[in-house]
Amino acid sequence: MSFSTEKPLKKKRPPRWSDLWLKNTKPLKHVIFAMQLQSLSNPTTPTPTPTPTPTPKHQQQKQQQTDPPTKFKDKTGTLISNLPHIDRTLLLGDDLLLKILSKLPDSQRNPNSLVCKRWLNLQGRLVRSLKVLDWEFLESGRLLSRFPNLTHVDLLNGCVVRPHDCCVLLSHRIFKMDINSGVSGFLPDWRVCEENLLPVEVVDRGLRGLASGCPNLRKLVVAGASEMGLLSVAEECLTLQELELHRCNDNLLRGIAACGNLQILKLVGNVDGFYGSLVSDIGLTILAQGSKRLVKIELNGCEGSFDGMKAIGQCCQMLEELTICDHRMDNGWLAGLSYCENLKTLRFLSCKRIDPSPGPDDYLGCCPALERLHLQKCQLRDKKSLKAMFKLCETVREIVVQDCWGLDNDLFSLARTCRRVKLLSLEGCSLLTTEGLESVLLTWNELEHLRIESCKNIKDSEVSPTLSTLFSVLKELRWRPDTRSLLASSLVGTGMGKKGGKFFKKNLRLDNYTQMIHTATF
């Protein structure tokens, strides 16, 4: 008979509950520490000690200086000093404490971050949006270590080098910046921001570091970047949805094609007095072919023509909102908007002109889905431009005109082609009269909301019975054409509205009193 020399396999012992419990001792330590604190907070009555022999006063002072501070001992003999000042939030894990801090109001975020370093780090995890003012804060890595969960980052002010002797704040509707006191005046071709912008290499290096540390970035605002810097952001931040590019040019727009989920885009090409850059039809075509999922576009200080706008309309089929601000477009560009078949909102901001030569009416067409037309701080002096614009927007339901120059009765009468208007808002139209307003309102049978504010030539006394009948059937009527009369009627008896009244009365009484003294003396 042959016997095998191999030993029989031993059966593994099933794990006991004590083994499973001791694998994770962190909760057990918290419980033991809490029990120790509770036992120390209710100390037992100390045993009486014998009365010490009196010592001289100088010896008592010396003993108090040499004795260590009072310390308590727990059952294990561990010394715990300053028991009343122990931070009991140490018993809470980071996840639980982070959830508690997130429930507090925003007004308490700054005070909470001053409690301790742990709270400072946890509070930084809750920050999602940040505006960077110092570029060194980004390049040093402190930004990513302090705020690791950022989704919205604004680097615009950080891209501008602040002079050491700055004492003048230059403000623009886009951003603000500090300039030095050596500036003597403003010239037509002055570019103050262009001189103080960071080099392109520095901006690209900062974008690479930001992209590697914030992969969940959704919105980015930057100035003076290049195509390579934008490509690094597009490769790392796959969730990027909103992008704002200042001092943009045609070459930079090549990097936008890599942003697959981009939906909102703002391009700032040329800003008078700050910097100059060129965005032409080439850049608009690259943009249209690379970003076909755009929903909202804003073109600020950009150049272009009919071809560029046509490319955007044909490629960006999901485009719903288009904003044109202070444009430098060539004549005839307005007809390219007719290719935006799904456009719902069209805005003109701070435009010195719309389109002086729009071409024949047969080539204009219209935007079939357009619902809202907004005009703000524009110069509306050209009849051809307004006629082409209203023909392009003949399907709008909402017209808002705010602080526009040159809109008189003759030009406003061109809005009759928009017969489906339900809301009209006019503010700061000083040349428009009641007669010109009535001639257009009576042609709009679907009008439901009317807002008239700060239009000084529209008078209450000139409202005809037909117009008052129209007002009675409106769902909303805000009638404040004359702000001065409204101020006087609402502040009757308060003493306001009479600027300097008390001052002049006081001076009058003082003059009378001085005259009486002068008469009595002589």
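The values are calculated or read from the model by the stated rules, or taken from the named source; none is laboratory data. Nothing here was measured: the structure is a model prediction, and the numbers come from that model. Every residue, glycine as well, gets a Cβ built from its backbone with ideal geometry; the counts of neighbours run over all protein chains shown. Only protein heavy atoms, including side chains, enter the accessible area calculation; ligands, DNA and RNA are left aside. Shrake-Rupley method; radii C 1.70, N 1.55, O 1.52, S 1.80 Å.
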| task | Mind listing just one residue for me: the one in the range 108-117 that is in a helix (DSSP H, G or I) and without any contact (Cβ under 8 Å) to a residue 12 or more places away in the chain and, of those, most open to solvent (accessible area, probe 1.4 Å)? | result | Lys117
| said: Which pairs turn up if I take residues in the range 452-469 that are under 13 Å from Leu437 (Cβ atoms) and in contact (Cβ under 8 Å) with a residue 40 or more places away in the chain and look for partners that are open to solvent by 40 Å² or more (accessible area, probe 1.4 Å) and not in a loop (DSSP other than H, G, I, E, B) with beta carbon separation below 6 Å, at least 6 apart in sequence or on another chain? | reply: none
| field | Of all residues making up the range 383-405, the number that are closer than 23 Å to Ser454 by Cα, of a type outside the set (Lys, Arg) and either in a helix (DSSP H, G or I) or out of contact with any His (no Cβ under 6 Å at 6 or more places or on another chain) (or both) | value | 8
| query | Would you say Arg191 is modelled with pLDDT under 80, at negative phi and touching a Phe, Trp or Tyr at 6+ places or on another chain (Cβ under 8 Å)? | reply | yes
| task | Run down Asp361, Asp355, Asp403 and say which single residue is under 21 Å from Thr323 (Cβ atoms), open to solvent by 20 Å² or more (accessible area, probe 1.4 Å), at pLDDT below 95 and of a type outside the set (S, T, N, Q). | result | Asp403
| request: Within the range 340-358, count every residue that is among the aliphatic types (A, V, I, L, M) and either out of contact with any Asp or Glu (no Cβ under 9 Å at 6 or more places or on another chain) or under 18 Å from Ala311 (Cα atoms) (or both). | output: 2
| request: Give the number of residues within the range 230-261 that are aliphatic (A, V, I, L, M), farther than 15 Å from Leu284 by Cβ and touching a strand residue (DSSP E or B) at 6+ places or on another chain (Cβ under 9 Å). | output: 4
| When Gly308 is evaluated against the numbered criteria (1) open to solvent by 20 Å² or more (accessible area, probe 1.4 Å); (2) closer than 19 Å to Phe348 by Cα, which criterion, by number, is the only one it fails? | (1)
| said: Quick check on my filter: what residues within the range 89-107 are open to solvent by 70 Å² or more (accessible area, probe 1.4 Å), modelled with pLDDT of 75 or more and over 17 Å from Leu130 (Cα atoms)? | reply: Asp95, Leu96, Lys99, Ile100, Lys103
| Among the residues of the range 406-415, is there at least one that is modelled with pLDDT of 90 or more, within 26 Å of Gly304 (Cβ to Cβ) and under 33 Å from the mean Cα position of the chain (by Cα)? | yes
| message | Whether any residue in the range 131-151 is open to solvent by less than 70 Å² (accessible area, probe 1.4 Å) and either more than 28 Å from Cys237 (Cα to Cα) or touching a Ser or Thr at 6+ places or on another chain (Cβ under 6 Å) (or both) is what I want to check. | response | no
| task | Evaluate the following for Ile286: is it within 25 Å of the chain's Cα centre (by Cα) and open to solvent by less than 60 Å² (accessible area, probe 1.4 Å)? | result | no
| remark: Taking the range 118-130 and keeping only residues that are surrounded by 14 or more Cβ atoms within 10 Å (Cβ to Cβ) and among the aliphatic types (A, V, I, L, M), one is left with Leu122, Leu126, Val127, Leu130
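Yes or no, residue by residue, for (1) under 20 Å from Leu294 (Cα atoms); (2) open to solvent by 30 Å² or more (accessible area, probe 1.4 Å); (3) at pLDDT 90 or above:
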{"position": "Asn196", "(1), (2), (3)": "no, yes, no"}
{"position": "Gly206", "(1), (2), (3)": "no, no, yes"}
{"position": "Leu220", "(1), (2), (3)": "yes, no, yes"}
{"position": "Met228", "(1), (2), (3)": "no, yes, yes"}
{"position": "Thr239", "(1), (2), (3)": "yes, yes, yes"}
| field | Leu450, sole failed condition from (1) within 36 Å of the chain's Cα centre (by Cα); (2) assigned to a helix (DSSP H, G or I) | value | (2)
